[in-house]
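No lab work stands behind these numbers, since they all come straight from the coordinates. Fair warning: this is a prediction, and the values are worked out from it, not measured in the lab. Ideal geometry is used to build each Cβ from the backbone, glycine not excepted, and the neighbour counts take in all protein chains shown.
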Amino acid sequence: EAGVAQSPRYKIIEKRQSVAFWCNPISGHATLYWYQQILGQGPKLLIQFQNNGVVDDSQLPKDRFSAERLKGVDSTLKIQPAKLEDSAVYLCASSFRQAWGNSPLHFGNGTRLTVT
Amino acid sequence: RKEVEQDPGPFNVPEGATVAFNCTYSNSASQSFFWYRQDCRKEPKLLMSVYSSGNEDGRFTAQLNRASQYISLLIRDSKLSDSATYLCVVNINYGQNFVFGPGTRLSVLP
């Protein structure tokens with residue numbers, strides 16, 4: 001089974017520039033998550049999709065971050081304009097629905113963003 | 001109070017030692033619990049789920065105490081390869097929300 005695919009692996013941009021990250025979940029996983037992990041901290045949920053609908057985006061800084069999953073498969077996370085504090089690893093994860101709820105998360109390799 | 005808190009660490013232990021990590025959660029409606037392992041500059045990977053009755057997987061034992069709202073992970077006979085950050089994860093609302101703790105870093109020394 002192919003895992004969660006993310007690209008790019010690394011990105012360096014200047015503040016105020018824009019950047020986009022892409023994620024393709026494991027086939028058949030209806031739920032997709034974007035997490036932000038700052039060095040030394042645990043991952044923090046930015047947004048959760050169930051198919052192509054948003055389940056939770058309460059912690060997404062909507063003035064600069066946006067995400068979409070138009071066809072309910074792959075997803076794009078965008079930051080515009082970037083700030084220095086956005087430097088972090090952006091992790092995509094997916095899970096599938098079971099009778100009792102969602103399975104544990106499977107993560108992609110992440111995108112390491114550096115904003116200078 | 002943070003939703004999920006963990007021992008601050010880091011833990012530096014010699015090979016062969018037994019080490020235990022604790023995690024507490026604030027939401028009494030939490031339904032499922034996991035331990036993830038994260039190696040340096042890698043993504044988190046599921047180590048084990050935590051069941052109400054407690055569960056064991058080789059050298060690893062996980063316990064859940066719902067009344068006190070804490071989870072533990074015990075590692076016996078530590079190996080060098082166990083060096084990593086261990087993340088406690090709490091699932092709220094039947095899969096709608098996975099909340100991560102800050103992680104506890106373990107270094108197993110030769």
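Could you please state, rounded to a whole Å, how far the C-alpha centre of region A:28-86 is from the C-alpha centre of region B:1-43? When both Cα centres are located, 24 Å separates them.
What ranking, highest mean first, results for peptides B:104-110, B:69-75, B:59-65, B:10-16 when packing means the other Cβ atoms within 10 Å averaged over each residue?
Values: B:104-110: 15.7, B:69-75: 19.4, B:59-65: 17.3, B:10-16: 13.3.
Ranking the peptides B:104-110, B:69-75, B:59-65, B:10-16 by packing returns B:69-75, B:59-65, B:104-110, B:10-16.
If you wrap the tightest convex hull around every Cα atom of region A:45-97 and split its volume per residue, you get 84 Å³. Extending 7 Å from the Cα toward the beta-carbon at both B:Asn55 and A:Tyr10 defines two label points whose distance is 3.7 nm. Counting only Cα atoms, the size of chain A along its three principal axes is 45, 26, 26 Å, in decreasing order.
Sorted from fewest to most neighbouring beta carbons within 10 Å, what does the list B:Val4, A:Val55 look like?
If I rank by nearby Cβ atoms, fewest first, I get A:Val55, B:Val4.
Roughly how big is the protein assembly as shown's charge dipole about its Cα centre, with Cβ charges of +1 (Lys, Arg) and -1 (Asp, Glu), in debye to the nearest 20? Numbers along the way, then the final one.
Details: 24 positive and 19 negative charges, 98 e Å.
The calculated dipole for the protein assembly as shown is roughly 480 debye.
GNM on chain A, alpha-carbon springs under 10 angstrom: the most fluctuating residue among A:Gly72, A:Gly40, A:Gly28 is A:Gly40. Charge tally around B:Pro8: other residues with Cβ under 14 Å, Lys/Arg +1 each, Asp/Glu -1 each, net 0.
Taking label positions 7 Å along the Cα-Cβ direction at both B:Arg76 and B:Cys40, the computed distance is 3.0 nm, reported to one decimal.
How much of the DSSP beta bridge set in chain A is antiparallel, as a percent to the nearest 5?
Values: 35 of 39 bridges.
Among the beta bridges of chain A, antiparallel pairing accounts for roughly 90 percent.
Peptide B:37-45 has a mean of 5 when you count, residue by residue, the C-beta atoms of other protein chains within 10 Å of its C-beta.
Database remark: amide H of A:Leu46 closer than 5 angstrom to the amide H of A:Trp34, A:Tyr35, A:Gln36 (H placed geometrically; neighbours at sequence offset of 5 or more, or on other chains; Pro and chain starts carry no H). Report the calculated FRET efficiency for B:Ala67 and B:Ser26 (r = Cβ-Cβ distance, R0 = 22 Å), to the nearest 0.05. The value I calculate is 0.95. Taking 0.36 nm per residue of separation and subtracting the Cα-Cα distance, full extension of the segment from A:Gln17 to A:Thr76 would add 19.6 nm. Normalised by residue number, the volume inside the convex hull of the Cα atoms of the protein assembly as shown is 131 Å³ per residue.
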